[in-house]
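These notes concern the structure reproduced below.
The values are calculated or read from the model by the stated rules, or taken from the named source; none is laboratory data. Values in this document were obtained by computation on a predicted structure and should not be read as measured data. Counting neighbours? That spans all protein chains shown, and the Cβs are built from the backbone with ideal geometry, glycine included.
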Amino acid sequence: MSSSDSKTTAPKIGVYPGSFDPIHNGHVDIIERCFPIFDEVVVAVLRNTSKEALFSIDERVEILREVLADRPRCRVESFSGLLVDFMSEIGARTIVRGLRAVSDFESEFQMALMNRRLDPRVETVFLTPKEEYSYLSSRLIKEVSRLGGDLAGLVPQAVLERMPQRTPKPKPTA
Ligand code: PNS
C-alpha cells in the first residue's frame, strides 16, 4: 500500500456564494446540480449592506435553510469580507457559480480570476441552470413581485409565502 492510500481523503466541499435576495428556482436548480459533484455543499450568503435588500440576511439564511431542509449534505452560512477568506476558514477550495447566458460571462470571469489571484488554491466552476430558469434573476423577481405579477413556479414556496408582506401591490389609482 502506498502512503497516499492510507491517507483519508478530505471531503470535496463546493461553495455556492451569492446574495440570494431572494433565492429563486434557478438558484435551487444549481444547488441540486452540486450534489453529484461534491460531498458537501455550502450555500454562502454575502452579508452586504445594500439598502435595496428585500430580505434581511437572517431572513435569507432562514429561507434557504427551509428550502434545503431535506438536504443533509448541504448547509447554509453567511459571510462577510472576502469569499476566499471564508473558504479558507471552512477548508473549501471550489466556488460554484451559475452561468445563465453569455451576458453573465464577463463579470463571472473577472470574479473567478480575482478570486484565484487572491488565493491560488481556489478554483471556480460554472454550472448552467435548466433552460426554463435561464432568464431568472433576483432583481426581476423583486420587480415582478412589486408590480403584482405571479411568481408561482419561479421561486420556492418559502419565498412565495413571504413576498406579499414585503412588496405590497401598488394601490390602483382612482
Ligand atoms: O448573487 P451575487 O450578488 O451575484 O453574488 C456575488 C458574490 C457574493 C459571489 C460576490 O459579490 C462576492 O463573492 N463577494 C464577496 C467579496 C469578495 O470576495 N470580493 C472579491 C472577489 S470578486
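Quick look at the numbers
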| read-out | value |
| --- | --- |
| Any pair with Cβ under 8 angstrom, 6 or more apart, that starts in the range 36-60 at a residue that is closer than 21 Å to Asp85 by Cα and without any contact (Cβ under 8 Å) to a residue 40 or more places away in the chain and ends at one that is part of a loop (DSSP other than H, G, I, E, B) and of a type in the set (Val, Ile, Thr) | none |
| Sole exception among (1) buried (at least 17 other Cβ atoms within 10 Å of the Cβ); (2) over 24 Å from Glu132 (Cα atoms); (3) within 11 Å of the chain's Cα centre (by Cα); (4) away from the ligand (no atom under 11 Å from the Cβ) for Ile57, by number | (3) |
| Of all residues making up the range 94-113, the number that are over 18 Å from Leu136 (Cα atoms) and basic (Lys, Arg) | 0 |
| Selected residue (only one of Val41, Val28 is more than 11 Å from the ligand (Cβ to nearest atom), closer than 23 Å to Glu161 by Cα and under 14 Å from the mean Cα position of the chain (by Cα)) | Val28 |
| Only one of Thr94, Thr124 that is of a type outside the set (A, V, I, L, M, F, W, C), within 14 Å of the ligand (Cβ to nearest atom) and touching a helix residue (DSSP H, G or I) at 6+ places or on another chain (Cβ under 7 Å) | Thr124 |
| Condition met for Arg71 (at pLDDT 95 or above, surrounded by 13 or more Cβ atoms within 10 Å (Cβ to Cβ), under 26 Å from Glu131 (Cβ atoms) and more than 15 Å from the ligand (Cβ to nearest atom)) | no |
| Count - residues of the range 127-155 that are surrounded by 16 or more Cβ atoms within 10 Å (Cβ to Cβ), part of a loop (DSSP other than H, G, I, E, B) and within 13 Å of the ligand (Cβ to nearest atom) | 1 |
| Some residue of the range 76-85 being more than 12 Å from the ligand (Cβ to nearest atom), of a type outside the set (A, V, I, L, M) and loosely packed, with under 15 Cβ neighbours inside 10 Å | no |
| Subset of the range 91-102 (residues that are surrounded by fewer than 15 Cβ atoms within 10 Å (Cβ to Cβ) and either within 15 Å of the chain's Cα centre (by Cα) or in contact (Cβ under 8 Å) with a residue 12 or more places away in the chain (or both)) | Gly91, Ala101 |
